[in-house]
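Report on one structure; see the data block that follows.
Read the figures in this text as sums done on the coordinates, not as results from a lab. Owing to the predicted nature of the structure, the values given are computational and were not obtained by experimental measurement. As a convention, Cβ positions derive from the backbone with ideal geometry for all residues, glycine included, and neighbour counts pool all protein chains shown.
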C-alpha cells in the first residue's frame, strides 16, 4: 500500500477513538468495563455500525474493527457465552464493519463523491488490555508473561479476524518489544495479509516499557518488511510524535520506513474526575503538516477524538506533499534566486577589485621610480658638496693661510648630512663583517687540525689491522664451510649404510600406525611412546585400547537383574555382550553424556544416563550392552582424572558442579586470550602469562609457571619460540576438552586449591582433633567468613546447603552434623575460594 516508486506517496486517513464516538450513540462510556467497547458487539450492534459510518462520512480511508479488547476468554468470562460464541462475536465485529462500508459505498455512488473504497483493519490490542489493570500503558506484564502465553492468547482472535475477511491487521498500543516481535513473527503465518504495528510510548525516546523506540522500530521492520505496511505510535500525546519519528527519519536509507500515527487528543485522564485539560489541547489537525514531513503515511486519532477531528485531518491532508513542504520549497527557490544575484554581484566586485589592484600596482611602480630618481639626486648632491668642501680646504692649504673654522662646516644641516653618510658606511662595514664571519665560521684552527690529523692516522692503522684480521677470519670460515660440507656428505653415507643394515636386520613394528587407534592422534601417541622400548610401547598400547584389550577373554557380562537397588541404567537380566570398547570410545561416550547434560542441568546423573541410552537405543539388550560396557571401561580407566570425576558423579560421590566449574575456568581463559588476540590464531607467550594471571588472580607464581611449562610441552615449543597457537592449545575434539594436558593441569591445580581452601575452613572449625565435634550452620558461616572474606551470601548459602545435604529447609532450621561428615561432603562438592585470605588485623563480617 506504500509506494516505493518516484510517484508521490499516498496518505491514508484512519478513524478516531471508537469508544469515544460510540458513546454518542449508546449514551454511556466504556471506561472501566473489562471488555471496554467490545461489550457493545452483543448489546448494541447497530450503534457499532453507526459509529463506523460516522468515521467513513468524516473521510476515513481505513476503519478498524471494534475488537481492541476482544478475546474469547474475556467474552466467556464477562458475557457468559461459549468459546465458539466468543469466536463468532469477533467475526461479527468484522461483519458490522463490512455493513457500514457497504452502506457508505451506496451513499457515495449516489452522491458521486467516492474516491477509493475504504479498507477494514482488524484491531489487535495488547495482551495487557484483557488484564484490566492498566498494564497495557506501562508494559509491566512483559517481565512476568512468557511469549508462549501471549501467543496462545492472540492466536484465536487473529485467526477469527483473518477468516472474517479483514483487509489489514492493526497491532496497536503495543507497550513492549517482546510482544511486538511475537506479533510480527505471527503475521508470517498469514502470508496473504498485511498489517501495521503501532507502539505505546511514554516519552519522545522510549516505549511504555522503557525500551528504546528507535531500536524497537528497526528490529520489528527487519523481521518482516514484506508484510508490514507501516510502523508507528498511537494512544500517546500528539506533542511527542514528531520527536519520535525524527530520530528514525534522520537515518533514512534508500527505502525509508513508512510511519503511522493516531495519538490521543492530548487530554489527561484522572480516575476520579475523568478527562481534564480539554481547553489546553491543540487540535490534531495542527500537527498534520509536521507529521507528513516526517514520513507519516497513515494518520488518525485515538482516545477522545471524534468524527469531527477526522474531518479536520481530512481537510489538512495533501496527497503526496504537505503545505509546510511547499512553503519550504518556495523559500528555498527564493533563497537560490537571492544567492544567484549575490554571486553575480560578487563576481562584478571581484573584477573591479582586480582592476583597482592593477592600477595600484602601476601607481606604486611610478612612485618607486620617482623615489629612486630622488635618491640618486640626493646622493649626487652629497658627493658634490663634500668634493667642494675638500677642494676649498686644499686651496687654503696651498695659499698658506691659517685654517679658520668654516661657518658652513659647523652648520647643523651639514653635520646632519655627514652623520647620515657615516651611518650608511658603518652599516655597509658591519654587513661585510657579518658576511666574513659566516663564511669562516667552520674554519678549523691549525692546532686542532694537527690533533685530528694524528688521530686519523692512528685510526687508519687500526682499521688496516682489523681488515687483515677480517681477511684471516674469512679464510678460516671458508675452510670450516668446506669441512662442514665434507662431514655432511659423510653423515649422509653413514645414514644410507644404517638404512641398509636396518633393512637387512630384523624388521621392527611400524608403531606410527598405532596413532590412528589412539585418542588424541599422532601428537598424543608420540608423547606416550617417545623413548620407550618395544615391550613398554606394547604395554602403553594395550592400556590405551582399554577394556577391549584387558578383558578379551570375556565374551559376556552377567546382568545384575531388575532390583530397585540396581542403578536404572544397569537393570537387565541375562547375558550382555562384551563390545570391547577402547579407551577412546569410552572417552567419546563420556564427553557426549556431559554435552547432553547441558540441556538437563537439574536431572540426576543416573537418571540422565538412563535417558541417554533410552533415547539412542530402542532395544533393551542393546541399551544394556552399551551401559555395561561403559561401566566396565570406566572402571578400568579410573587412572584418568576425567573418567574418575564422571564415575564419582554417576555414583553420587561427587558433585557435577566440579565438572562445570572446571569447564567454566577453561572457557574463561580461552575467551580472554582470543579477545586479547583480537580473534587471531597466535599470541605472544608473555601476553599469555599476563592474561592467565589476570584471569586467575588467586593462582601462585608456581601455578602459573607450571601452566606455562605444560603449554610448552603440549605445543612442543622450541627454546626460542615466542608465539602460542591458541587453536591448537584449545582444540576440543570428540573426546572432550579435558583430554589435553593443559586442561588436566588446570583441573589438578583447581582440586589442589579446593583442598587447601577446605583445610583452612576445617582448621577454623577445630581441625582433625575435633573430628567427632558437631558443627552448626553458624559455625560454618563464621569459618567461611574468616577464611574467605570476599565470599557473598548467595555462594555461602549454596556451600552450606551442599555441606549439610539440605536444599529446601531454612538455614536456621538445619540440624548440626559431625565434623567428619562435613569434611567428606565439602571434599565431594564444588567449593572454590572467591578472594584471598587477609593477613593481620582486619574487620570481619559477622554472619548470623
**Report entry** Residues 248, 174, sorted so that the one with the fewest Cβ neighbours within 10 Å comes first
**Finding:** 248, 174
Query raised in the report: So, in Å, what gap is there between the alpha-carbon centers of the range 437-501 and the range 36-88?
Result: 104 Å
Query raised in the report: Among bridges DSSP assigns within the chain, what percent are antiparallel (round to 5)?
Result: 35 percent
Report task. Over the range 551-654, calculate the relative contact order: mean separation of alpha carbon pairs under 8 Å at least 6 apart, over the residue count, as a percent. Result -> 28 percent
Query raised in the report: What order do you get for 371, 674 when you list them from fewest to most C-beta neighbours inside 10 Å?
Result: 371, 674
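Considering just Cα atoms, how many Å³ per residue does the convex hull of the range 661-827 enclose?
Enclosed volume per residue, from the Cα hull, is 142 Å³.
Using 0.36 nm per residue of separation minus the Cα-Cα distance, give me the extension gain between residue 381 and residue 622 in nm, one decimal.
73.4 nm
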Query raised in the report: Using bins 20 angstrom wide from zero, how does P(r) for the chain break down, in % of all Cα pairs?
Result: 10, 20, 19, 22, 15, 9, 3, 1, 0
Query raised in the report: Give or take rounding to whole Å, what are the principal axis extents of the alpha carbon atoms in the range 322-395, in descending order?
Result: 107, 17, 6
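How long is the gain from residue 373 to residue 246 if the chain were fully straight, where each residue apart is worth 0.36 nm and the alpha carbon distance is subtracted?
38.3 nm
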Report task. Starting with the highest mean, order 626-633, 714-721, 39-46 by the number of other Cβ atoms within 10 Å, averaged over the residues of each peptide. Result -> 626-633, 39-46, 714-721
Report task. Go ahead and run the numbers for FRET between residue 651 and residue 144, Cβ-Cβ distance against an R0 of 35 Å, rounding to 0.05. Result -> 0.30
Requested in this report: Report the paramagnetic label zone for residue 84: residues of the range 21-44 whose backbone N is under 11 Å from a point 7 Å from Cα along the Cα-to-Cβ axis.
Outcome: none
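How would 57, 474 line up from fewest to most surrounding beta-carbon atoms within 10 angstrom?
On the way: 57 16, 474 10.
By the 10 Å Cβ count, ascending, the order reads 474, 57.
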Query raised in the report: What percent do you get for the relative contact order of the chain when only Cα pairs under 8 Å and 6+ apart count?
Result: 7 percent
Requested in this report: Could you order peptides 602-609, 80-87, 615-622, 227-234 by the average number of other Cβ atoms within 10 Å of their residues, highest first?
Outcome: 227-234, 602-609, 80-87, 615-622
Query - Pairs of Cα atoms farther than 21 Å apart, the range 555-644, % - result: 30 percent
Requested in this report: For the range 1-157, compute Rh as the Kirkwood radius over C-alpha pairs and then the Stokes-Einstein diffusion coefficient at 4 °C and 1.567 mPa s; write the answer in µm²/s, rounded to an integer.
Outcome: 76 µm²/s
Report summary line: Each label sits 7 Å from Cα toward the beta-carbon; between residue 438 and residue 363 the label points are separated, in nm, by 3.6 nm
Query raised in the report: Sorted by packing (mean other beta-carbon atoms within 10 Å per residue), highest first, where do 342-349, 114-121 land?
Result: 114-121, 342-349
Query raised in the report: Volume per residue, Å³, of the convex hull around the alpha-carbon atoms of the range 12-321?
Result: 131 Å³
Query - Calculated FRET efficiency for the pair residue 286/residue 99, C-beta based, R₀ 45 Å, to 0.05 - result: 0.85
Query raised in the report: Roughly how many whole Å is it from the C-alpha centroid of the range 674-720 to that of the range 192-219?
Result: 48 Å
